[in-house]
Every structure is written in C-alpha cells, then in structure tokens.
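The values are calculated or read from the model by the stated rules, or taken from the named source; none is laboratory data. What you are looking at is a predicted structure, and each value in this text was computed from that prediction instead of being measured. Cβ sites come from the backbone with ideal geometry, for glycine too, and all protein chains shown count toward neighbours. Remember, those area values only see protein heavy atoms, side chains included, never the ligands or the DNA or RNA. Shrake-Rupley method; radii C 1.70, N 1.55, O 1.52, S 1.80 Å.
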Amino acid sequence: MRKAAAAYQRLLIRVPEAYLLLRHYETIRPGLLVLDADGRRVTSIDLNRALREQWKPADVAKKLDEARTAPALAHIRLKIDGGEKEFREAVAKLPGIRKAVVDTRGFAIVAEHGKLTPERIAQISAKTKTKVTWVEPVRVRLDRAQGSSDVIAAAGLWHVTPTGKGVAAPGELWGHVYVTRLLLDKPQMEVGGFAADLEMRTFDILDVPKGGLGARVAAAPLKVEGVLAVRPDIFGDTEIVIGRKGAVDWEKVLAAFREAGCPDAEPGS
C-alpha cells in the first residue's frame, strides 16, 4: 500500500476541516479522497471497510493503482433561473455527463473532465432561455493590470475564456477563468499582470470546537452574500474568507462567525 501511495502527493485533512469536503466530493471519513492537480475528483476510497477488516492493505493498494488512470470528474454546481427542466435535460444528454440533478442547493452536475465547457453551458442557456450563475467552479473576471503576459497559470483552473480581442490595455477586461473553490486564491490569479474581481480577509476565530461544531463555524461565512470560499485553519485559530470584490458586507461575515458558535471572532491582521 505504501508503494501505491508513493505515486501521489499526500495531504492529511483533519476534522473539522474535513467535514467541509464530504458532501461536495461525495466522499467519506475516514477515507482517501483522490483529486487531480486542479481539484477534480477521481475517486474516493472508504477506509471504514479496512477498519472493519473487510478490506486488506492490498485491496486499498489496488484501488490506488486503479485511480492513477481513472478519469477526473468535475463536480459542477450552477444556479439556474427559468427553464430549469429543459436545461437539465439538455445537459444530461451530453456525452461524458455522469449526473445532472436538481436538489435543494441548485443544479449539480458530475462530468468527465473537458466534456462540459462554459461555452457549451452558454449555448444551452441561450437555447433554453435560462440565466446561469456559476457556483462551482467560481467564475473570476480578470482585467489587465500591468505587464504583457497573456498566459494565466494557477492551481485549480478548470476553464480559461479570454475575450479573444487581442492584448487588453491596463484596466480592460482580459477574460474569465473558472476556478474550483477548494483552490481559489487571489494572489495566484494575479500572477502575470492581472487583476481579479476577488478580495480576501483573515479572521481570528479563537477557541472553536475541534469537532462538528467547528465545521459549522468554518462554513458560516458561506451563507453571506458575495462570499465564494473559505480557507479555515481551526487549530491555528484563523480563517481566510474569499469574496467577490465589493460584494461582501464583512461585518455580516463577522456576525456569521459569532452566531455559529465563535463569540470571540475578530478581524485578523
């Protein structure tokens, strides 16, 4: 099993942060969640079976070996306004779509990597007269800030859609990128002379419980309008909150932390 695991970059994610991944990636703890380099799900290995001695180390090793050639799956989430049934049916008919369902949180799609692009979504949206808002991955606007680079390279990029109008002048729209929330990061987006429509703030969240309640505190800002992602470090007593530039009421983020069970939350340095 160690030999099979050596092919991967391994990261231990503890409770409570691990709870934030379970539903989105359809995984389980304790377990091994295998992602590709840009945060797309490849597979999930349930270690409960190993703990119950239903699996041996060789069984886990076999699954890790199989995952090396398995297709990466993009877990996409959209908000759809109007024509929801027609939109879902059109997406479900496309090749490479593993799942297309409407649930209480919107429209969830599981697609093989590269099979569902923003351009294809826009075509279906126009045909079915729907308004689409990207929830996962996050659609980020990039403006030219300085320099002359036309190459954007950052972890978590699922799609890149430049305007195609040539080199943009400083302050003009260069295009959009679609970035998984797991790896959303403003500094990475701005390497190469870009300005992203994101802002990040750090909060001190002291004495947060290290179990399920801690996960509730960590996820609390996601309910605030304009917040796109959170990066909690519960054992480090801090959390980075990433939001759409100019769209977040940061006092409401602070209130969300406090209401969720962290009365001593404060803006960080």
> Is the range 40-53 home to any residue that is modelled with pLDDT of 90 or more and of a type in the set (K, R)?
Replying inline: yes
>> Could you tell me how many of the residues in the range 18-59 are touching a strand residue (DSSP E or B) at 6+ places or on another chain (Cβ under 7 Å), of a type in the set (S, T, Y) and touching a residue at least 40 places away in the same chain (Cβ under 8 Å)?
In response: 1
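Across the range 1-17, what is the number of residues that are open to solvent by less than 30 Å² (accessible area, probe 1.4 Å) and in contact (Cβ under 8 Å) with a residue 60 or more places away in the chain? Outline the logic, then answer.
Here is the first cut: in the range 1-17, the residues open to solvent by less than 30 Å² (accessible area, probe 1.4 Å) are 4-5, 16.
Okay, now just the ones that are also in contact (Cβ under 8 Å) with a residue 60 or more places away in the chain, so 4, 16.
Of the residues in the range 1-17, 2 are open to solvent by less than 30 Å² (accessible area, probe 1.4 Å) and in contact (Cβ under 8 Å) with a residue 60 or more places away in the chain.
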>> I need the full set of residues from the range 35-59 which are β-branched (V, I, T) and either assigned to a loop (DSSP other than H, G, I, E, B) or under 11 Å from H113 (Cα atoms) (or both), in order please.
In response: V42
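Would you confirm whether any residue within the range 60-83 is part of a helix (DSSP H, G or I), in contact with a Lys or Arg (Cβ under 6 Å, 6 or more places away or on another chain) and either open to solvent by less than 60 Å² (accessible area, probe 1.4 Å) or over 30 Å from T238 (Cβ atoms) (or both)? Let's see the steps before the verdict.
Restricting attention to the range 60-83, the residues satisfying the condition of being part of a helix (DSSP H, G or I) are 60-67.
Keeping just the survivors that are in contact with a Lys or Arg (Cβ under 6 Å, 6 or more places away or on another chain) gives none.
No, that holds for no residue.
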> Would you pick out the residues in the range 87-145 that are open to solvent by less than 40 Å² (accessible area, probe 1.4 Å), over 18 Å from R40 (Cα atoms), among the small types (G, A, S) and modelled with pLDDT of 90 or more?
Replying inline: A90, S125
> Are any of the residues in the range 202-221 out of contact with any Phe, Trp or Tyr (no Cβ under 6 Å at 6 or more places or on another chain) and within 17 Å of R139 (Cα to Cα)?
Replying inline: no
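Can you tell me how many residues in the range 92-132 are in contact (Cβ under 8 Å) with a residue 12 or more places away in the chain and in a helix (DSSP H, G or I)? Explain how you work it out, then say what you get.
Taking the range 92-132 first, the residues in contact (Cβ under 8 Å) with a residue 12 or more places away in the chain are 94-98, 100-102, 105-121, 124-125, 127-132.
Filter once more, keeping what is in a helix (DSSP H, G or I): 118-121, 124-125, 127-128.
Matching residues across the range 92-132 total 8.
Filter the range 23-32 for residues that are over 22 Å from Y178 (Cα atoms) and out of contact with any Leu (no Cβ under 6 Å at 6 or more places or on another chain); which is surrounded by the fewest Cβ atoms within 10 Å (Cβ to Cβ)?
Looking only at the range 23-32, we keep the residues that are over 22 Å from Y178 (Cα atoms), and these are 27-32.
Next cut, out of contact with any Leu (no Cβ under 6 Å at 6 or more places or on another chain) only: 28-29, 32.
Values: I28: 14, R29: 16, L32: 19.
Per the criteria, the residue is I28.
From the list A122, A67, exactly one residue is touching a strand residue (DSSP E or B) at 6+ places or on another chain (Cβ under 8 Å) and either acidic (D, E) or within 27 Å of F194 (Cβ to Cβ) (or both). Which is it?
Numbers: A67 fails: either acidic (D, E) or within 27 Å of F194 (Cβ to Cβ) (or both).
That would be A122, the only listed residue that is touching a strand residue (DSSP E or B) at 6+ places or on another chain (Cβ under 8 Å) and either acidic (D, E) or within 27 Å of F194 (Cβ to Cβ) (or both).
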